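Working notes for the structure below.
Every number in this text was worked out from the coordinates using simple rules, so none of it is lab data. This is a predicted model, so every value here is computed, not measured. Because the Cβ atoms are built from the backbone with ideal geometry, glycine has one as well, and the counts that use them run over all protein chains shown.
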């Protein structure tokens, strides 16, 4: 806590030794340049090399995750649409920078008191421009993994990509938006089996 502001500190256990720590710091640095109104802000990051620990400090979002917000607040369809539109703008921003979130789901979308969404929990985010197969081998965080039901079918074969984020966006919409013909049509496009047939975030 600083003054009247509360912060959350998330701890990661780094594997891969010093190389793993370097990759972890690199990925966190990516997020500091990915500033956007609907991306969770990083206030500080620090490491404990001796304990193989890595820490990220970010604001504490009072309403919790999107799924909890939906359960607690019972928002109407328009409110949900607004929130999902905010998430889409955040994804479009990340993808424009060459960053893949890699675990889009309601539990990783944080809500503040004004019902503004922040895409967060970047446990497995990757720089699709520069991250190499060698760096991928040094998985930096113990929580790395994909969420069943939100993972695109090609993930295990090709790894995370902007189209796999779009697939997960479709699963997120299915999870929180009321069922309708319009919703189902959109989700069908977002979750096309062929990743190349999925729209880009800027087109959603």
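Spacing of the modelled spin labels on residue 33 and residue 158, each 7 Å from Cα toward Cβ, amounts to 2.5 nm.
For the stretch 164-204, just say rounded, prolate or oblate: build the C-alpha gyration tensor, square-root its eigenvalues into a ≥ b ≥ c, call rounded for a/c under 1.5, and beyond that prolate if a/b exceeds b/c, oblate if not. Prolate shape, in that a/c is at least 1.5 and a/b is the bigger ratio. Modelled spin-label separation between residue 5 and residue 71, with each label point placed 7 Å from Cα along the Cα-to-Cβ direction: 3.0 nm. Exposure proxy for 9, 23, 187: other Cβ atoms within 10 Å of each Cβ, ordered fewest to most, give 9, 187, 23.
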